[in-house]
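Here's the structure, in structure tokens; my notes come after.
Only the coordinates and a few stated rules stand behind these numbers; no lab work does. Remember, predicted model here, so these are calculated numbers, not experimental data. For neighbour counting, all protein chains shown are included, and Cβ atoms are generated from backbone atoms with ideal geometry for every residue, glycine included.
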Amino acid sequence: MGATITIRPLAPRASVSTAASTLALPTHHSEDEWAAVYPLIEHMYVRERRRLRDVMTRMEEQHGFRATVQMYKKRFAKWGFHKNARRSRSREGQDPEAMAVALCGSKAVPRAAPRVIRLDASDTAQAFFLSNIKAWGLSFFELASPLSPTAPGTGGVAPEQLSFSFRVVVGLLQRDQGTLAGRLARKAFIQAEGLLQGEGPLVVWNILDIFRNIAANCQAALGNMLLDHLVGLARDAPLAAVLQSFRGMVRAWEREGVPVRHDALEKAWAMNADLLFSRFDPKYLLMYYRLVWDSDLVTMGPEISALVDGWFGRLHERMDDTRVGALASIDEEPEPLADSAPVEGFDALKSEIIAAIREKAGQTYSDPVIKVRVLSALLKSRILEDDAFNPRDPDLDFSRLQARIMAYVAKVVASINEKETQHAEASIPWARMVLALREFGQDPTGPQTVAEMWRLEELLSRAGHVKEAARLREESYRRLEQYLADVPEDAT
């Protein structure tokens, strides 16, 4: 049985300065989006008899749905709603359903309304969550300023690194390391503001990846605490509507006594991905670079899969030297760490990795998820050949950024090799290579490096190297203790 985790509530900061804080909510909505919010509007306007202005304010502030007065009036006419009226004494005691019919008058409710109103509360909440994701993504692409890269995150922590932090938290709970899990979760919560500082689709992508992993490992308490914390952090930002509707969907599942519906998270990812892949602009190069492709949420339906090839093709064409150089200047190198050592034989290693990913890119894959990971690795491998990414320190053969890129590409190659051969022993050298690159390029004690240590530990155990696997496991806990030196045990 896994360990339990308790974290003291964190007081959210007064405000979050996000790159998207200037985005305006869209006012034009499709028929499906109006149908999704019908139950909420009908409940407030017809059953609770609120004023139209009050309904509009609540829909915008609490649910991220914005429309003009005229749009509401036209929609009310279509739905058969009459202007809000006081309850007469003769109607007191009437059944609420009868009262709703009386207020609606003789006009028929449109065909879309009965279809939506029969949905369960969780289905309605899910439809509204998807609507908010679409509105958030459209707002970003319509209003974002050209080439406005966001900072890696609070305290230099990139949003994608937080994904690995929570993966390791879940792994620690499964390993009965509750104290370490609590301390790491505490640190990740403090750094979570970095999630909200990403750009449009990147924010949703990373948040969904984190919650998919938490839900898949049945850590509902951790997920609820994180979601409440993010809602508090984003309360003054446009993203608040997305997070609030996400929490509303989760609460609806809890009220109905059903577990987290993974298909709902996958639909949300697919909608976000569709917005991303149906558009391409080189000014978003940094955002594309930071997408977490190594995620269980990355699923490729036929519609999205059809867009991916063209999207990556355009990205390759437009990733010229100027853009790559800009990426080099933006993605700043972390300070060298005292206990990180350069990897030997850089040129040979780089050539081996580039040759391997090019070979994989020339193969045909029936699984579109594997294909897209190969394409993402091939794209990142171009950075290895660009002089803009050479190390600033003349004593180093390659930069720490190059090491991180090599680690990512090598991991993609290794995962495909393992699926093809099903042979743990043959995968161990590649796993050692990935770990060594992460130790130098990332942080010898950080969560992503620990995740790679656990991957190597698993392969060693499967191959029968039990003692080495046990030593590696204990070493991973020791390194986490170093990483969490600024989080005392009594903080959890």
Original post:
Once the Cβ-Cβ distance between residue 365 and residue 279 is put in as r, and R0 is 25 Å, what FRET efficiency do you end up with, to the nearest 0.05?
Top reply: 0.50
Original post:
For the residue pair residue 175 and residue 190, what label-to-label distance in nm results when each label sits 7 Å from Cα along the Cα-to-beta-carbon direction?
Top reply: 2.2 nm
Subject >> Stretchable slack from residue 477 to residue 348, in nm (0.36 nm times residue separation minus alpha-carbon distance) >> reply: 43.2 nm
Original post:
For the residues 142, 425, what sequence is obtained by ranking on other C-beta atoms within 10 Å, fewest first?
Top reply: 142, 425
**OP:** Could you list, in their original order, any pairs among 350/380; 350/467; 134/187; 187/350 whose Cα atoms are separated by more than 23 Å?
**Re:** 350/467; 134/187; 187/350
Original post:
Assuming R0 = 51 Å, what is the FRET efficiency of residue 251 and residue 316, from their Cβ-Cβ distance, to the nearest 0.05?
Top reply: 0.75
**OP:** Tell me the trypsin sites (Lys or Arg not before Pro) within the stretch 197-249 that lie in a loop according to DSSP and have at most 16 other beta-carbon atoms within 10 Å.
**Re:** 235
**OP:** Compute the length gained on full extension between residue 420 and residue 262: take 0.36 nm times their separation in residues and subtract their Cα-Cα distance, giving the result in nm to one decimal.
**Re:** 54.1 nm
Original post:
What is the fewest-to-most order of 317, 439, 458 by other Cβ atoms lying within 10 Å of their Cβ?
Top reply: 317, 458, 439
Subject >> Ranked 68, 364, criterion: other C-beta atoms within 10 Å, fewest first >> reply: 364, 68
Original post:
What share of all Cα pairs of the stretch 170-288, in percent, falls into each consecutive 10 Å distance bin?
Top reply: 12, 41, 35, 11, 1
**OP:** Please give every one of the lysines within straight-line cross-link reach of residue 74, meaning a C-alpha to C-alpha distance under 19 Å, and leave out same-chain neighbours fewer than 8 residues apart.
**Re:** 83, 107
